[in-house]
4 protein chains.
Amino acid sequence: MPQKKPWRTAISRFDDASVEIAGYKHEDLISKLDFTSMLFVLFQQRIPSPAEVRVLNAMMISVIDHSIVASSAVTRIVSASGVPLQASVAAGILTIGDIHGGAGQELSRRLEEWVAEAKAEGLALDKKATQIVKSLREKGERVEGYGHPLHPKGDARVDAVIAVAREVDLVGPHLQLALHISEAIEAASGKSLPLNIDGVVAALASDLGFNWRLGRAFIFIPRAAGLAAHAMEEATRERGWRKVATADDIEYDGPASRSMD
Amino acid sequence: MPQKKPWRTAISRFDDASVEIAGYKHEDLISKLDFTSMLFVLFQQRIPSPAEVRVLNAMMISVIDHSIVASSAVTRIVSASGVPLQASVAAGILTIGDIHGGAGQELSRRLEEWVAEAKAEGLALDKKATQIVKSLREKGERVEGYGHPLHPKGDARVDAVIAVAREVDLVGPHLQLALHISEAIEAASGKSLPLNIDGVVAALASDLGFNWRLGRAFIFIPRAAGLAAHAMEEATRERGWRKVATADDIEYDGPASRSMD
Amino acid sequence: MPQKKPWRTAISRFDDASVEIAGYKHEDLISKLDFTSMLFVLFQQRIPSPAEVRVLNAMMISVIDHSIVASSAVTRIVSASGVPLQASVAAGILTIGDIHGGAGQELSRRLEEWVAEAKAEGLALDKKATQIVKSLREKGERVEGYGHPLHPKGDARVDAVIAVAREVDLVGPHLQLALHISEAIEAASGKSLPLNIDGVVAALASDLGFNWRLGRAFIFIPRAAGLAAHAMEEATRERGWRKVATADDIEYDGPASRSMD
Amino acid sequence: MPQKKPWRTAISRFDDASVEIAGYKHEDLISKLDFTSMLFVLFQQRIPSPAEVRVLNAMMISVIDHSIVASSAVTRIVSASGVPLQASVAAGILTIGDIHGGAGQELSRRLEEWVAEAKAEGLALDKKATQIVKSLREKGERVEGYGHPLHPKGDARVDAVIAVAREVDLVGPHLQLALHISEAIEAASGKSLPLNIDGVVAALASDLGFNWRLGRAFIFIPRAAGLAAHAMEEATRERGWRKVATADDIEYDGPASRSMD
């Protein structure tokens, strides 16, 4: 019996002279595809349609940068400490955690479940949304992917991504249900809680056929570019070592001064 | 005098309702651009030509994945330890250091210098290459971006990227010089040392007008996608915690066994 | 009303001339304590007894290094890529995830629950262990912190840490229960499944009064030292860029070669 | 000829039943040493004297935490994003870069060079300091490890560490020279520029015989503990996702608003 090899992968293979990804010659992919199409090859082992590529482009551009927020603040502080570009960006990417990138991912997972349920129950998606919101409200649960602390009244980016998906007729059941849920929340509570940018990216990732476990990748791959811009700007335009907080910015509420004896 | 604001940036700005990148409304960028074009907006504050986008696509696809090598091995070991997707990918990105991504970056920096010198000296690029190689050999220095331990006889990916640049007539002085240097090395030493994939990406990044300090970003942005594929594959298809090395794989050459007394 | 300060902390405070941790003057802590005692000040806001310090020392030394395994392999591959010491170590620390460091942490959490139950039920810890193992076996669950793939027959480090805790009479209910569980597993299954090093560290962390949420910190703080040794060794004694796998080490089981058309 | 093993190390070795570090049985180290002594075994392959351990304890305690500054701000922002403890700490550790931890390390390297020169030149260390400061001033260079933006008038921690080293009579030539340099700067410029905490840790690391390349490890190993405290505090006491900056905190100075056409 042959010895088990230490590594196993279905993603790509190489020999001395060439590389193949998903069975395609790497040189053919280089010659014929754009980067966004390539993500379908990498994650779904298939060549996408132009409409699908257009939607994924819109999604990825929508999260490429948002000036200085959590992840870019982290990248800038690290960069200011005299750290190579990739390490500053890696620190920022760590910030795309369960709250944020992961929030969208959790929405993807639930939308896939709910869409499957609606289908099994023969329920229209707007009815399903009403049922979901009712059930969430009874349990006191909230659903991730709605509302944004920096864009309380709605977000032009979200509308633009949805418009692209509509234009190429690729609004599938996951985005439809996600939008119905927002309407159902407003109907039930009288309060507007629009789908946020993480939410729309998550819903469309499911409509495009990506595994929900990959959800946050569609945030951090494009954001890696935004973070690189921040890391370089901090390293080249600022003075080094960021103080971040002075004593005045910090409220201390720990043990009072005391002696060790 | 107004108080200095804690942060300063020229990349993007936002208010309650909208975001702008490089002065463009984020929603317009979402509607009209593809992701690769967006990198010109982010890093060069301009909308690129279709030819430029085609070349950057080829560059980014060429480094998106290479099965299990340094960075993806790191990502897989971290992922196998029960770590979220973004953290596994961040660990792999840390690997795009001075050797590797940084090697290409260093080549960019030198090519920009040499191209400027050639222009100032009125020297054709093939002559300049001969001069450079002579000087490097005298100093016993090597230049980064040539040769590949896994593809000793050349690399179909490199040829494919160059073919795309030729097809759209975007081989600029940096790639020209980089190729002449390889010829000059062969002429001087009798040994073939082809431009490697990091080298071709670096040379073309300079031809496309990107700051050489960003060099490794054109490796780690696409590679973030490849790493995400490896992280997910490891997490979903393997058994958890990678042993990596057994005692038999390790040669110990430290102090011999001894007592503490 | 005063404006809310951006940051709040109970850990430490500073002004222009001094720093206090847990209410103690930093200069007094420097003059009078050792590093291990300091971890009780930092995490429990109290000065420990010498016996407690002795046990925590044993725990931290026991996980400081284990030659080349998952975390140190990651650190070495990253270091070989031309990356600063702290970034190579950070990559290795990312590996102390839910499987491994987190496994011990999960054991801490459960031991605290079970010890509280035993107390409430008036049940001796050996009886509680029998009940726990019975229940786990019925549910087909396993408990983390037992068995080690590289030390299948037991581990001298585990015995040494337990011996130190016994010597200073600090084996508390969490370690007692953890050991009884191992005995109960053997009684029920006939198979020896000794407490592993993560498990003993976790149980003693609970006996010493540390919050179980900190569990993996007692792995990664000392391991940061071991990883620094590996990063420096790789950077100074090896040749740069680690190949890790050749094509022969990889079993590809993805799509077969195909054309894009 | 035997096949080359994939990994080589002089740090430690293991087999099925045991581990050795620097030739010592791991179980003996666990039984007999404290964690700080263990760092001499790991990094210098030797058992230290009690005086040496006392000095290294003082050094490590002095940098264990400093409330919310660069590295802990990074850890807190990452932790607030819903990220495991070790990943939040790893992000903070990335911040111990060339400015900061690396600054001390660079001072170590230079002190070792200068002490060797003084010895070769038969020059007293105070004279050497005068010569060094004169030369630095002529070249317009500054030396790292002096002055602190948050403690402009001196730092009680620095004095406390030096007092410990004096008490056990372990102020060696590196710390002596470092202190003479501060005096020489004041004599030449009339301005007080005291040795900062990174500087004193660096100078004493050299006096204790550690390789200067390890310099920043004596910052990030203890700081890993402080960062763990911040990560846990953020995760358990705050509300999740840190906004960091609002639009009001950011000065945008990039391209003005423009249309894409």
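Being part of a helix (DSSP H, G or I) and open to solvent by 10 Å² or more (accessible area, probe 1.4 Å) is the filter; apply it to the range D:207-227 and report the residue that is nearest to residue D:70 (Cα to Cα).
Among those that are part of a helix (DSSP H, G or I) and open to solvent by 10 Å² or more (accessible area, probe 1.4 Å), it is D:223.
Determine if the range B:76-85 includes at least one residue that is open to solvent by 20 Å² or more (accessible area, probe 1.4 Å), within 20 Å of residue B:219 (Cβ to Cβ) and assigned to a helix (DSSP H, G or I).
Yes, some residue in the range B:76-85 is open to solvent by 20 Å² or more (accessible area, probe 1.4 Å), within 20 Å of residue B:219 (Cβ to Cβ) and assigned to a helix (DSSP H, G or I).
Is it fair to say residue B:161 is touching a residue at least 60 places away in the same chain (Cβ under 8 Å) and over 18 Å from residue B:74 (Cβ atoms)?
It is true that residue B:161 is touching a residue at least 60 places away in the same chain (Cβ under 8 Å) and over 18 Å from residue B:74 (Cβ atoms).
Pick from the range A:141-159 the residues that are under 12 Å from residue B:19 (Cα atoms) and crowded, with 20+ Cβ neighbours inside 10 Å: which of them is farthest from the other protein chains (Cβ to nearest Cβ)?
By that ranking, first place goes to A:158.
Touching a Pro at 6+ places or on another chain (Cβ under 6 Å) and in a helix (DSSP H, G or I): does that describe residue D:115?
When the stated conditions are applied, residue D:115 passes them.
Return yes when residue B:256 is open to solvent by less than 40 Å² (accessible area, probe 1.4 Å) and over 12 Å from residue B:80 (Cβ atoms) and no when it is not.
In short, no.
Pick out the one residue from B:70, B:58, B:129 that is open to solvent by less than 10 Å² (accessible area, probe 1.4 Å), touching a helix residue (DSSP H, G or I) at 6+ places or on another chain (Cβ under 8 Å), touching a residue at least 12 places away in the same chain (Cβ under 8 Å) and within 14 Å of chain C (Cβ to nearest Cβ).
Details: B:58 fails: within 14 Å of chain C (Cβ to nearest Cβ); B:129 fails: within 14 Å of chain C (Cβ to nearest Cβ).
The conditions single out B:70.
For residue B:193, all conditions in the list (1) at pLDDT 95 or above; (2) touching a strand residue (DSSP E or B) at 6+ places or on another chain (Cβ under 7 Å); (3) open to solvent by 40 Å² or more (accessible area, probe 1.4 Å) hold save one; what is the number of the exception?
Of the numbered conditions (1) at pLDDT 95 or above; (2) touching a strand residue (DSSP E or B) at 6+ places or on another chain (Cβ under 7 Å); (3) open to solvent by 40 Å² or more (accessible area, probe 1.4 Å), the odd one out for residue B:193 is (1).
Kindly evaluate residue D:136 against the criterion of being of a type in the set (A, V, I, L, M) and touching a Gly at 6+ places or on another chain (Cβ under 6 Å). Outline the logic, then answer.
Details: of a type in the set (A, V, I, L, M): yes; touching a Gly at 6+ places or on another chain (Cβ under 6 Å): no.
Criteria not met by residue D:136.
I want to confirm something. Restricting to the range B:15-53 and keeping residues that are open to solvent by 10 Å² or more (accessible area, probe 1.4 Å), touching an Asp or Glu at 6+ places or on another chain (Cβ under 8 Å) and part of a helix (DSSP H, G or I), which single residue is nearest to the other protein chains (Cβ to nearest Cβ)?
B:27
Kindly establish whether residue C:245 is within 14 Å of chain A (Cβ to nearest Cβ) and open to solvent by less than 20 Å² (accessible area, probe 1.4 Å).
Answer is yes for this residue.
Kindly indicate whether residue D:69 is at pLDDT 95 or above and among the hydrophobic types (A, V, I, L, M, F, W, C). Talk me through it step by step, then tell me what you get.
Numbers: at pLDDT 95 or above: no; among the hydrophobic types (A, V, I, L, M, F, W, C): yes.
It is false that residue D:69 is at pLDDT 95 or above and among the hydrophobic types (A, V, I, L, M, F, W, C).
So if I check each of D:97, D:92, D:104, which one is assigned to a helix (DSSP H, G or I), at pLDDT below 95 and open to solvent by less than 10 Å² (accessible area, probe 1.4 Å)? I'd like the intermediate steps shown before the answer.
Details: D:97 fails: assigned to a helix (DSSP H, G or I); D:92 fails: at pLDDT below 95.
Just one listed residue meets the conditions, D:104.
Where the second residue is assigned to a helix (DSSP H, G or I) and the first is of a type in the set (Ser, Thr, Tyr) and lies in the range D:37-50, which pairs have Cβ atoms under 8 Å and are six or more apart or on separate chains?
Sorted first by the residue in the range D:37-50, then by its partner, the pairs are D:37/D:53.
Being open to solvent by less than 50 Å² (accessible area, probe 1.4 Å), part of a helix (DSSP H, G or I) and either closer than 30 Å to residue A:49 by Cβ or among the small types (Gly, Ala, Ser) (or both) is true for just one of A:136, A:177. Which residue is that?
A:177
Under the condition of being aliphatic (A, V, I, L, M) and loosely packed, with under 12 Cβ neighbours inside 10 Å, which residue from the range B:107-123 is farthest from residue B:201 (Cα to Cα)?
Result: B:120.
To keep it simple, each residue is scored yes or no on (1) touching a Cys at 6+ places or on another chain (Cβ under 6 Å); (2) of a type in the set (A, V, I, L, M); (3) within 14 Å of chain A (Cβ to nearest Cβ).
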position	(1), (2), (3)
C:193	no, yes, no
C:197	no, yes, no
C:255	no, no, yes
C:260	no, yes, yes
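All but one of (1) farther than 30 Å from residue C:251 by Cβ; (2) more than 10 Å from chain C (Cβ to nearest Cβ); (3) of a type outside the set (Gly, Ala, Ser) hold for residue B:98; which doesn't?
(2)
Among what's in the range A:220-242 and is closer than 12 Å to residue A:72 by Cβ and more than 8 Å from chain B (Cβ to nearest Cβ), pick the residue that is farthest from the chain's Cα centre (by Cα).
A:234
Those residues that are farther than 20 Å from residue C:67 by Cβ and in a helix (DSSP H, G or I), I need them from the range C:228-248; list them, please.
Selection gives C:247, C:248.
Can you say whether residue D:167 is over 16 Å from the mean Cα position of the chain (by Cα), surrounded by fewer than 16 Cβ atoms within 10 Å (Cβ to Cβ) and within 14 Å of another protein chain (Cβ to nearest Cβ), as far as the supplied structure shows?
The answer is yes for residue D:167.
The values are calculated or read from the model by the stated rules, or taken from the named source; none is laboratory data. Everything numeric here is computed off the predicted structure, so don't read it as measured data. Here Cβ is always computed from backbone atoms with ideal geometry, including for glycine, and neighbour counts include all displayed protein chains. To get the accessible areas, we keep the full protein, side chains included, count just its heavy atoms, and leave off ligands, DNA and RNA. Shrake-Rupley method; radii C 1.70, N 1.55, O 1.52, S 1.80 Å.
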